[in-house]
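So the structure is just underneath, and the comments pick up after that.
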Amino acid sequence: MSASQMTAPAVPESGVTGEEEDPRRRRKALILLFLLGLLALLLGLAIWYLLFRQPVPLPPIPATQVPHFATTYYGVDRPTGIAVSAAGDRIYVTQSGGSRTAVVLDGNGTKLADMLPPVSTGENHQPTYVAIDPLTSEVYVTDRPTGDIYVYDAAGTFQRTYAPATPAAGWQPLAIAFDKAGLMYVSNLTGKTPTIEVYSRDGALTATFGAAENMSFPNGIAVDDGGNVYVTDGNNGRLLVFSKDGTVVGRVGRGAGAGNLGLPRGVSLDNQGHVFVIDTSGQAGLVYKQLQPGQDHPDFVGSFGIQGVGNGEFLYPTGLAIDGRGRLFVADTSNDRIQMWNY
């Protein structure tokens with residue numbers, strides 16, 4: 001046979017021989033099996049979630065991390081106390097300047113309503129601190145000149161004046177807070193030395209503590225899940241931690257060192273085990289870990305903010321509140337604004 005009569009082996013139109021096609025087909029089959037397995041896994045997870053509705057936990061905040069500045073809300077006049085709904089869509093602020101009323105802001109800082117006290121109480125008012133009842137979403141505002149606590153609905157409409165089951169002569173409520181069970185904690189300035197009072201849902205006084213500590217203007221109260229009560233003893237420059245029975249189990253003192261305090265006022269807790277304190281004279285926020293068994297003071301984590309008028313700077317800040325997402329709202333008093341900080 002001549003060379004001209006010899007023919008070359010047939011080659012598929014694709015240019016790939018049979019020997020080359022087999023490995024490619026195997027690879028494609030393996031990839032397809034992998035994708036099908038991944039799809040089955042995702043489908044299984046989706047079905048599991050729908051059946052059991054397990055919440056997705058928030059990532060923990062690193063112990064050495066402090067919040068950073070996010071945004072500023074203007075339109076308030078000398079803000080003092082502040083509370084925020086869990087969703088962050090309602091911000092309640094007491095004002096020590098201008099009309100000296102509390103106001104309701106939405107989540108973008110737009111004013112929605114004035115929280116006016118009853119006309120029958122006259123014109124001499126100074127709303128000071130504010131707290132939200134976790135069971136009813138009602139808003140409680142302490143008023144220094146009248147010595148009353150006014151109660152509003154979530155929209156800011158006056159509902160009633162709070163009345164303890166047993167009237168207290170010369171009652172002077174200042175700081176106010178609720179625990180998750182709806183017990184109300186109030187600092188009372190009546191008498192030789194202020195005390196912390198605890199009221200049940202029906203207005204009964206169930207506990208009084210702190211008299212032995214000779215507190216001076218306790219401006220902030222917060223309660224952790226274990227029942228420890230954190231109190232900023234303002235004019236004494238201290239953060240005191242009381243146990244359920246009213247015994248002091250931890251404290252942070254006044255001083256110039258890292259983590260020490262000057263004039264602490266606002267205090268709040270997040271759901272990640274942190275304590276946040278606003279130091280008015282220190283022009284900053286301080287972050288601690290919540291007190292652990294066996295400790296005599298909360299561990300200091302760090303601070304945020306400096307003195308000034310720019311973003312992320314404070315001028316005699318006072319109040320502090322945290323929403324359910326861990327966002328911090330600070331009453332930047334002498335800058336006439338609310339600052340929001342975040343992680």
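The values are calculated or read from the model by the stated rules, or taken from the named source; none is laboratory data. In this text, all values refer to a predicted model and were calculated from it rather than measured experimentally. Neighbour counts are summed over all protein chains in view; Cβ atoms, including those assigned to glycine, are modelled from backbone coordinates with ideal geometry. When the accessible area is computed, the model is the full protein with side chains, heavy atoms only, and any ligands, DNA or RNA have been set aside. Shrake-Rupley method; radii C 1.70, N 1.55, O 1.52, S 1.80 Å.
At-a-glance table
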{"read-out": "Hey, Val151 over 20 Å from Gly324 (Cβ atoms), hydrophobic (A, V, I, L, M, F, W, C), open to solvent by less than 30 Å² (accessible area, probe 1.4 Å) and at pLDDT 95 or above or not", "value": "yes"}
{"read-out": "Residue in the range 252-261 that is of a type in the set (Lys, Arg), more than 22 Å from the chain's Cα centre (by Cα) and more than 16 Å from Thr128 (Cα to Cα) present", "value": "yes"}
{"read-out": "In the range 199-210, the residues that are of a type in the set (Ser, Thr, Tyr) and surrounded by fewer than 16 Cβ atoms within 10 Å (Cβ to Cβ)", "value": "Ser200, Thr206, Thr208"}
{"read-out": "Hits in the range 157-204 (condition: assigned to a loop (DSSP other than H, G, I, E, B), of a type in the set (A, V, I, L, M) and closer than 16 Å to Asp233 by Cα)", "value": "Leu189"}
{"read-out": "Subset of the range 181-192 [more than 12 Å from Tyr140 (Cβ to Cβ) and at pLDDT 95 or above]", "value": "Ala181, Leu183, Ser187, Asn188, Leu189"}
{"read-out": "Pair list, Cβ under 7 Å, 6 or more apart: the range 104-130 residue touching a residue at least 40 places away in the same chain (Cβ under 8 Å) and outside any strand (DSSP E or B), other residue open to solvent by 20 Å² or more (accessible area, probe 1.4 Å) and hydrophobic (A, V, I, L, M, F, W, C)", "value": "Leu116/Phe158; Pro117/Phe158; Pro118/Phe158"}
{"read-out": "Which numbered condition Asn311 misses (of (1) part of a strand (DSSP E or B); (2) open to solvent by 40 Å² or more (accessible area, probe 1.4 Å); (3) touching a Phe, Trp or Tyr at 6+ places or on another chain (Cβ under 6 Å))", "value": "(1)"}
{"read-out": "Looking only at the range 172-209, and only at residues there that are of a type in the set (D, E, K, R) and in contact with an Asp or Glu (Cβ under 9 Å, 6 or more places away or on another chain), the one that is nearest to Leu320 (Cα to Cα)", "value": "Asp179"}
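One line per residue, one yes/no per condition, for (1) more than 14 Å from Gly319 (Cα to Cα); (2) under 16 Å from the mean Cα position of the chain (by Cα); (3) at pLDDT 95 or above; (4) open to solvent by 30 Å² or more (accessible area, probe 1.4 Å):
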{"site": "Arg265", "(1), (2), (3), (4)": "no, yes, yes, yes"}
{"site": "Asn271", "(1), (2), (3), (4)": "yes, yes, no, yes"}
{"site": "Val275", "(1), (2), (3), (4)": "no, yes, yes, no"}
{"site": "Thr280", "(1), (2), (3), (4)": "no, no, yes, no"}
{"site": "Val287", "(1), (2), (3), (4)": "yes, yes, yes, no"}
{"site": "Pro293", "(1), (2), (3), (4)": "yes, no, no, yes"}
{"site": "Phe300", "(1), (2), (3), (4)": "yes, no, yes, yes"}
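For every residue, the table says whether it meets (1) open to solvent by 10 Å² or more (accessible area, probe 1.4 Å); (2) of a type in the set (D, E, K, R).
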| site | (1), (2) |
| --- | --- |
| Ala212 | yes, no |
| Phe217 | yes, no |
| Asn228 | yes, no |
| Gly234 | no, no |
| Val241 | no, no |
| Arg251 | yes, yes |
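Residue-wise test of (1) surrounded by fewer than 15 Cβ atoms within 10 Å (Cβ to Cβ); (2) modelled with pLDDT of 95 or more.
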residue: Pro59; (1), (2): yes, no
residue: Pro67; (1), (2): no, yes
residue: Thr71; (1), (2): yes, yes
residue: Arg78; (1), (2): no, yes
residue: Asp106; (1), (2): yes, yes
residue: Thr110; (1), (2): yes, yes
residue: Asp114; (1), (2): yes, yes
residue: Val119; (1), (2): yes, no
residue: Gly122; (1), (2): yes, no
